[in-house]
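The values are calculated or read from the model by the stated rules, or taken from the named source; none is laboratory data. All figures in this text were calculated on a predicted structure; none of them were measured in a lab. Cβ: placed from backbone, ideal geometry, glycine included. Neighbour counts: every protein chain shown. With ligands, DNA and RNA removed, areas are computed over all heavy atoms of the protein, side chains included. Shrake-Rupley method; radii C 1.70, N 1.55, O 1.52, S 1.80 Å.
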Amino acid sequence: MEKQTRARRGGRIGMILLNSALMLLAIGMTVAVVLGIALSWYLRGHVDPVWDESANALPAGAGASQLYYYEFEDRAARTGEKRELPGGRLDGGVHVIPVTYAECPQALIDAFVAIEDQQFFQHHGVNWVRTLSAATNYCLGYTRQFGASTITQQLIKNLSGKSDYSIERKLQEMCWANDIENRCTKEEILERYLNVINLSRGCYGVGAAADRFFGKTVGELTLSECAALAGITNNPSRYDPVRFPDHTKARRDLILGEMLKEGYIDEAAYETAIAEELVICEQIGTGPAPIYSWYVDMVMEDVIRDLCREHGYTREYANRLLWNGGLSIEAAIDPQIQKTVEDYYCEEGNFPSHRDGERGQSGMIVLDVATGDVLGVAGAVGQKVGNRLASHATTALRPAASAIKPLSVYAPALEGGHITWASVLDDVPVTFGKDNRHPWPKNASRVYRGLTDVRYAVSHSVNTVAVRVLREVGLKKSFRFLKDTLQMESLIESRTLADGRGISDIGDAALALGQMNYGVTLRELTAGYSALANGGVYMEPHSYYRVIAPDGRVLLSNSTAGHYAVSEQNACIMTKLLETVVHQGTGKGAQLLGGRVAVAGKTGTSSADCDRYFIGYTPQYLAGVWYGFDYPKPMTDMKSNPAVKIWKGVMEDIVAPRLRAGQCKTDFDMTPGVIKVTYCQDSGLRPTDACRADLRGDRSVEGYFVQGTEPRSYCDCHTMRDYDSERQALADEVTLPEDIRRVGLLRLRRHLPGRVYVADERYAVSS
């Protein structure tokens, strides 16, 4: 009886286990089906199953790339002759010697297969065991890389230039590997792979590496040398045979061990190869490498960046195409302007010497107002001594200081209807701190004026007014205008640092005073002014027009069309405002040729006085100058702004010969719909007799307005009073009749929580 009970109990347990197993199996099958359907749907929507050779690969060893320029009859219309740019042949740094599969010794083939893909001749493009293992590793968080790439997959990475660590990219790579395996033999795949891999020091392919490191053809390589070459591709920097021969030897020994284990070589061959000394005799071309201009450096960086953005290439692959892809690059340069900029910057005497004898650094960029073409650039002071150097004009990030105000504050405020030319704001501290003893912001002059119109605030860079206007515009709107409309990509919307702190450039200090966390490039900042110089249309600054492959395909093309940032009328008013900076404000030193050519612009000085700027434009040319030190430090010994002097020196050399030849426009256009009206600078309204009788003199000035926004009512800020000219106070019962005169005084309603001196209070009825 007990046995029967145990048997029945065992039967029930068995049934439970069986049912559980069947249920788990059903669940597993369901999950597998669902996952399969989901994967199939995903692949159809995101992955191309066919490898398109023409779209994803360019021929290896196509030769040097060449920069061209145009001798324009009309730059805006793009009519002119195309010519080779002197010093624009990019033939340095890359070495390619294509080889066939038949030329490669078997030891070379075996070495690569042994270390890179031991199942190469068995799989169909994907090693599923290694892939599933790597995927499990990835999903469980052991690593954020897939790994497990076969030689076929590595070939795709090299040809497409795509190697980002994403599921989509990996799935795409696997599909393309399968397609290539269907169309090519294993020998054809290996031949292509061995001709495109990076083997350090600019060598792409085993033919180039054999020549450079051993002075041999691939057919002459020993077993030891074959293994050494196979080891480099794992990490071309670490296994550079010239710089790190010990690393190369250790990797060679590892590969020889793998070849022995896999049966490619016997013990005797292994021992002989291990004992062989690696003799590296790098073969380098004679003569020094050419030093390219700052302009060519800029073009190279722009082309590499855009190839990566538009085609998904890695920087390494884009760099290889640039040097050895036989590309034709049409540069936007004006060779005469570039020479003018270079000549000025090569003469160190053009730049000030500081008290400690150290000379500052500087960068300059010149743009064509109508097209956005970069006409000339200098990235540093002095003779250029290398290639792809950091440039103060195009790559260095610096706080934009007050040079940002017209773009971040006044242009969007005009466009949004928050201000006009005559708007009056109080130049007094915006905040006083918790204890009412820390007024902020301070002005560069260390003076608070009181009632201040926009014209004066712009021309004298008044910080308090900029902050007040910014708050009318709104921080986010100002930031989006800079980041999106004016394409200042370097600005930080939100970022978390390694120590956990969050930073952002959406703030008063960054947007009103130009004190960013890192800054912007001079190129970004200068290009932003194109929206003001070009009738409201922002023109993206471009150093090239097109990049053309050897087969005629256009790989990259820059549009000459801009987009409206502000209205044509508001751009005209901003230009008139910026002319006051040069006529009577902080940029007086930028006047060109005795005032014969109109100039609009803005100075900038960062809060710690580590950066000085002048961004200015004529009717044809827009140029920006930064001045400071490589490692920021205050320039308290410089009372004047060196950037203004540099700007004037270069621009007069550019403009003067064109003015003599009658090729230089001298005045800015007045846009229809903009009118000139007289107003009181203390109220922003139409002036009265009291405004003209102000103790400081006539307070009526002229300003520019979009028709319909001009002031219509009359000033209510001034009042006529009897004034004792002898005692310099309001007249009273003791004032002598002959000392009385009628004057205009301000009626102020100002109550500040902290004690500060405000200059206009001495001219007010209630001081």
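Residue-by-condition table, conditions (1) within 42 Å of the chain's Cα centre (by Cα); (2) assigned to a loop (DSSP other than H, G, I, E, B); (3) touching a residue at least 60 places away in the same chain (Cβ under 8 Å):
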{"position": "THR666", "(1), (2), (3)": "yes, yes, yes"}
{"position": "ALA690", "(1), (2), (3)": "no, no, no"}
{"position": "PHE705", "(1), (2), (3)": "yes, no, yes"}
{"position": "GLY708", "(1), (2), (3)": "yes, yes, no"}
{"position": "ASP732", "(1), (2), (3)": "no, yes, no"}
{"position": "GLU761", "(1), (2), (3)": "no, no, yes"}
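Taking the range 734-744, which residues are part of a loop (DSSP other than H, G, I, E, B) and loosely packed, with under 13 Cβ neighbours inside 10 Å?
Once the filter is applied, which keeps residues that are part of a loop (DSSP other than H, G, I, E, B) and loosely packed, with under 13 Cβ neighbours inside 10 Å, the range 734-744 yields VAL734, LEU736.
A quick yes/no check of all residues on (1) open to solvent by 50 Å² or more (accessible area, probe 1.4 Å); (2) in contact (Cβ under 8 Å) with a residue 24 or more places away in the chain:
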| residue | (1), (2) |
| --- | --- |
| PHE213 | no, yes |
| ARG243 | yes, no |
| GLY257 | no, no |
| GLU262 | yes, yes |
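Name the residues in the range 442-452 that are on the phi < 0 side of the Ramachandran plot, touching an Asp or Glu at 6+ places or on another chain (Cβ under 8 Å) and not hydrophobic (A, V, I, L, M, F, W, C), would you?
ASN443, TYR448, ARG449, THR452
If you scan the range 357-406, which residues turn out to be within 18 Å of the chain's Cα centre (by Cα), open to solvent by 20 Å² or more (accessible area, probe 1.4 Å) and not hydrophobic (A, V, I, L, M, F, W, C)?
Within the range 357-406, ARG388, HIS392, THR394, THR395, ARG398, PRO399 meet the criteria.
Just checking, how many residues over the range 200-212 are under 10 Å from PRO241 (Cβ atoms), touching a strand residue (DSSP E or B) at 6+ places or on another chain (Cβ under 9 Å), in a loop (DSSP other than H, G, I, E, B) and not basic (Lys, Arg)?
So the answer is 0.
Out of TYR613, TYR627, TYR621, report the one residue that is in contact with a helix residue (DSSP H, G or I) (Cβ under 9 Å, 6 or more places away or on another chain), open to solvent by 10 Å² or more (accessible area, probe 1.4 Å) and in contact (Cβ under 8 Å) with a residue 12 or more places away in the chain.
TYR621 is the lone residue from the list that is in contact with a helix residue (DSSP H, G or I) (Cβ under 9 Å, 6 or more places away or on another chain), open to solvent by 10 Å² or more (accessible area, probe 1.4 Å) and in contact (Cβ under 8 Å) with a residue 12 or more places away in the chain.
For the range 378-423, how many residues are more than 30 Å from VAL341 (Cβ to Cβ), in a loop (DSSP other than H, G, I, E, B) and among the hydrophobic types (A, V, I, L, M, F, W, C)?
Qualifying residue count, the range 378-423: 3.
Out of the residues in the range 457-515 that are of a type in the set (D, E, K, R), in a loop (DSSP other than H, G, I, E, B) and in contact (Cβ under 8 Å) with a residue 24 or more places away in the chain, state the one that is surrounded by the fewest Cβ atoms within 10 Å (Cβ to Cβ).
Applying the filter and picking the extreme gives GLU489.
Hey, can you tell me all the residues within the range 424-445 that are outside any loop (DSSP other than H, G, I, E, B) and crowded, with 19+ Cβ neighbours inside 10 Å?
VAL424, LEU425, ASP426, ASP427
Is there any pair with a first residue in the range 323-336 that is assigned to a helix (DSSP H, G or I) and a second that is among the acidic types (Asp, Glu) and open to solvent by 20 Å² or more (accessible area, probe 1.4 Å) whose Cβ atoms are under 8 Å apart and which are 6 or more apart or on different chains, and what are they?
That search, which allows pairs on different chains as well, returns TRP323/ASP91.
Kindly provide the set of residues from the range 710-730 that are acidic (Asp, Glu) and either open to solvent by 40 Å² or more (accessible area, probe 1.4 Å) or free of Cβ contacts under 8 Å to residues at least 12 places away in the same chain (or both), ordered by number.
Listed by number, the residues that qualify are ASP716, ASP722, GLU726.
May I ask you to say which residue of ASP306, ASP246 is farther than 23 Å from VAL547 by Cβ, in a helix (DSSP H, G or I), acidic (Asp, Glu) and out of contact with any Ser or Thr (no Cβ under 9 Å at 6 or more places or on another chain)?
It is ASP246.
Quick check on this structure: which one of LEU229, LEU199, LEU223, LEU194 is more than 39 Å from the chain's Cα centre (by Cα) and either surrounded by 22 or more Cβ atoms within 10 Å (Cβ to Cβ) or in contact (Cβ under 8 Å) with a residue 24 or more places away in the chain (or both)?
Selected residue: LEU223, the only one of LEU229, LEU199, LEU223, LEU194 that is more than 39 Å from the chain's Cα centre (by Cα) and either surrounded by 22 or more Cβ atoms within 10 Å (Cβ to Cβ) or in contact (Cβ under 8 Å) with a residue 24 or more places away in the chain (or both).
Any idea how many residues of the range 734-759 are of a type outside the set (Phe, Trp, Tyr) and under 49 Å from the mean Cα position of the chain (by Cα)?
12
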